[in-house]
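K.L.:
Let me begin by handing over the structure; questions about it come next.
The numbers here are math on the coordinates, done by the rules we state, and not lab data. Please read these numbers as outputs of a predicted model, since none were measured by experiment. Here the Cβ positions follow ideal geometry from the backbone for every residue, glycine too, while neighbour counts run over all protein chains shown.
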Amino acid sequence: MGTMITFTRPDGQAASGYLAEPANAAGAPAVVVIQEWWGLNDQIRGVADRVAAAGYRALVPDLYRGKSTIEAEEAHHLMTGLDFGQAASQDVRGAVQHLKAGGSAKVGVTGFCMGGALTVLSLTMAPEADAGVVWYGYPPLDFVDASKIKAPVMAHWAEQDNPFPIAGVDALEAKLREAGVHLRGHRYLAQHGFANEMAQGPRRLPITQYDAAWAQMAWDRTFAFFGKHLG
């Protein structure tokens, strides 16, 4: 189980986040985990705990400043109110810098849905990041300066994704490859949110569907990728 901590953004402002530590935290590599549009909730804390159990220090920046929700309408409102450029260049980059200052030589970034889009942006704005894993989310292409991405990238896409259609994935991947980004994209015959275990049962959104088998495969690939690039 992790704890809430405070860290300093590049602009000097304070930010908070959920930090989960592995059994041997001293000098361990680290991963910044970026929330879905729901906020810093139990599900994303569980993701950080899972990353920590695999041997990484995991930090989830609290992008909504203490707010979270289970209602799609409120989640959309919170996401719409978020300054994505600030979140990527300040909160996420600050989290990467904090983990490096705390003894992690290598730090990766990963995120889901809205956090997937922010992972792409963060890789253009946080040169300290050593690797990135994107889960079914991408920003508008106009905002992606692919020439700034120096870290290797893995991406997990859902072929039946309504919020983030696969045609947009094609365009993003083409742009990244054209810029010489080291990219490994994986596609799954799945719907949006396929790795979120909350996306099942009566509370799930119609556009999402958890798939345990694909989720396990994507996590296996993710940890192999982070193991290679973060050590």
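K.L.:
If I take R0 = 35 Å and measure r between the Cβ atoms of A14 and A54 in this structure, what FRET efficiency does the formula 1/(1 + (r/R0)^6) give, to the nearest 0.05?
P.N.:
Here the calculated transfer efficiency is 0.75.
K.L.:
How big is the convex hull of the Cα atoms of region 3-230, per residue, in Å³?
P.N.:
Given the Cα convex hull of region 3-230, per-residue volume reads 109 Å³.
K.L.:
Then there's this: I'd like the antiparallel share, as a percent to the nearest 5, of DSSP beta bridges with both residues in the chain.
P.N.:
The antiparallel proportion sits near 30 percent.
K.L.:
Check which residues have an amide H placed less than 5 Å from I34's amide H, if you skip close sequence neighbours.
P.N.:
Answer set, sorted by chain and number: T110, G111, F112.
K.L.:
Where does the charge balance sit around Y138 when Lys and Arg score +1, Asp and Glu -1, over other residues with C-beta under 13 Å from its C-beta?
P.N.:
That sum, taken over residues with Cβ under 13 Å, equals -3.
K.L.:
If you don't mind, another one. Pull out a ≥ b ≥ c, the square roots of the eigenvalues of the alpha-carbon gyration tensor of region 51-96, then state rounded if a/c is under 1.5, prolate if not and a/b is larger than b/c, and oblate in the remaining case.
P.N.:
Judged from the Cα gyration tensor, region 51-96 comes out oblate (a/c at least 1.5, b/c at or above a/b).
K.L.:
Using the Kyte-Doolittle scale, find the helices of the chain whose mean hydropathy is at least 0.0 and whose Cα atoms extend 20 Å or more along the helix's long axis, counting only whole DSSP H runs.
P.N.:
212-230
K.L.:
Report, in debye and to the nearest 20, how large the dipole of region 127-221 comes out about its Cα centre when Lys and Arg carry +1 and Asp and Glu carry -1 on their Cβ.
P.N.:
Here region 127-221 has a charge dipole of around 80 debye.
K.L.:
Still on this structure, I have one more. Which of the pairs K67/K106; K175/K228; K150/K228; K150/K175 have their Cα atoms more than 21 Å apart in this structure?
P.N.:
In this structure, K67/K106; K175/K228 exceed 21 Å between Cα atoms.
K.L.:
Once you have the Cα-Cα distance between Q200 and R177, take 0.36 nm times their residue separation minus that, and quote the gain in nm to one decimal.
P.N.:
4.8 nm
K.L.:
Quote the FRET efficiency, to the nearest 0.05, computed for T80 versus F143 with a Förster distance R0 of 22 Å and r equal to the Cβ-Cβ distance.
P.N.:
Taking R0 as 22 Å, the efficiency between T80 and F143 is 0.90.
K.L.:
Once Lys and Arg get +1 and Asp and Glu get -1 on their Cβ, which of G116, H182, F194 lies farthest toward the positive end of the dipole of the chain?
P.N.:
Selected residue: H182.
K.L.:
So, with +1 on the Cβ of K and R and -1 on the Cβ of D and E, and no other charges, what is the size of the charge dipole of the chain about its Cα centre, to the nearest 20 debye?
P.N.:
Dipole about the Cα centre, nearest 20: 620 debye.
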